[in-house]
Amino acid sequence: MNIGIFDSGIGGMTLLHQALVLMPREKFLFYADTDHVPYGTKTREQVVSYVDGVIRFMMAHDCKAVVIACNTATAVAAEQMRLKYASLPIIGIEPAVKPAVAESGGKRVLVVATPLAVHERRLQQLVARVDDAHLVDLLELPGLVEFAERGEFVSDRVSAYLKERLSGFALDRYTELVLGCTHFNYFKDTFRELIPPQVHMIDGSLGTVRQLMRVLASRQELLEPATGSTDWEQCKNDICVRYFESGRAVTDAAKLERIGQLHERLEKMQNL
Ligand code: DGL
């Protein structure tokens, strides 16, 4: 059986990358919905129908669990999909607001996400639940997904865009930056240059992979790693992932090489 992981595009590879390290014996399908990217500027109805299509694809491809590796799609569609496909474990990434508030030391927390996620009730309810001291600010970054999909991770335009979007915030009053869209992890080096050193970046991918492991373990469906801890260097030659773009298998050598480069970039971004 497979584990299906999907996003509107390359953002979800952040989560896949962590899953490969923590669950090296599993077989994965990674589905990027490239025909419909970006989700974050679409209507909720559109996103629900895209997500529904992806989940049906995953079920037809023998998946024992599906991970929504897209904060926007989780916010909009996870609840509905869990009701509709009750026998399938559906795990959704969410912005790491709770750990960020817990670690903020009473200083401010900035959550960056897509416009659709920022305006969804689900994110606002999450903030209301964990932010008793009103430390959290939300900021939409509508342009960053398109930069990522173009492979433009480091450029003057990216820096200028982020600088302008962050300019309204007194960042010395913040200790946490929550990357509330999986695509944003590709830009951690530029964020790092623009935010003060005390600001720590956090995203929900590790917590989501751990949740996936707990869910599979509770169903006796988790393949434990043969040895103790693993790392990317150890597992990268041995990984088992099939990649799809909106349902079409990626077999083209140039595209697969680009995917390898994205993993290398994510590995570099990990400890920033
Ligand atoms: N990567 C997705 C997320 O985490 C959204 C990207 C998009 O707008 O398509 O929200």
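Rounded to the nearest percent, how much of the accessible area of the chain (1.4 Å probe, protein heavy atoms only) is carbon and sulfur? Carbon and sulfur: 50 percent of the exposed surface of the chain. Label sites at Met1 and Arg173, each approximated as a point 7 angstrom past Cα along Cα to Cβ, lie 4.9 nm apart.
Taking the average, over residues, of other Cβ atoms within 10 Å as the packing measure, peptides 258-271, 194-207 rank 194-207, 258-271 from highest down. Note that segment 136-255 presents 51 Å² accessible area per residue, ligands and nucleic acids not counted, probe 1.4 Å.
In the frame of its principal axes, segment 143-205 has Cα extents of 33, 27, 16 Å, reported largest first.
Surface exposure of segment 19-99, expressed per residue as accessible area with a 1.4 Å probe, stands at 37 Å². Relative contact order, whole percent, for the chain stands at 27, derived from Cα pairs under 8 Å and 6 or more residues apart.
The long axis of helix 71-84 is offset from the longest Cα principal axis of the chain by roughly 40 degrees. Placing dummy labels 7 Å off each Cα toward the beta-carbon, the span from Gln46 to Asp231 is 4.3 nm. Counting only the Cα atoms, segment 19-103 fills a convex hull of 126 Å³ per residue. Normalising the average separation of contacting C-alpha pairs (under 8 angstrom, six or more residues apart) by the number of residues puts the relative contact order of segment 46-155 at 23 percent.
With each label modelled as a point 7 angstrom along the Cα→C-beta vector, the Ala160-Arg56 pair spans 4.4 nm. Using the alpha-carbon atoms, what tilt in degrees (0 to 90, nearest 10) does helix 156-166 show relative to the longest principal axis of the chain? That works out to roughly 60 degrees. If you restrict to DSSP beta bridges whose two residues both lie in the chain, what percentage is antiparallel, to the nearest 5? Here the share of antiparallel DSSP bridges comes out near 5 percent. Mind pulling the angle between the C-alpha long axis of helix 13-22 and the longest principal axis of the chain? Nearest 10 degrees, somewhere in 0 to 90. The angle comes out near 60 degrees. Over segment 1-154, the alpha carbon radius of gyration divided by the compact-protein estimate 2.2 N^0.38 Å works out to 1.06. The per residue volume of the convex hull around the alpha-carbon atoms of the chain is 129 Å³. Near the amide H of Lys27, within less than 5 Å, lie the amide hydrogens of Ile3, all on another chain or at least 5 residues away, with H placed in the peptide plane. Taking the Cβ of Val178 as the center, what net charge do the other residues with Cβ under 12 Å away carry, scoring Lys and Arg +1 and Asp and Glu -1? Here the count lands on -4. Extension gain for the segment His119 to Phe153, taken as residue separation times 0.36 nm less the Cα-Cα distance, is 9.7 nm to one decimal.
The values are calculated or read from the model by the stated rules, or taken from the named source; none is laboratory data. Since we're looking at a predicted model, the values are computed, not measured. Every residue, glycine as well, gets a Cβ built from its backbone with ideal geometry; the counts of neighbours run over all protein chains shown. For accessibility, only protein heavy atoms count, side chains too; no ligands or nucleic acids. Shrake-Rupley method; radii C 1.70, N 1.55, O 1.52, S 1.80 Å.
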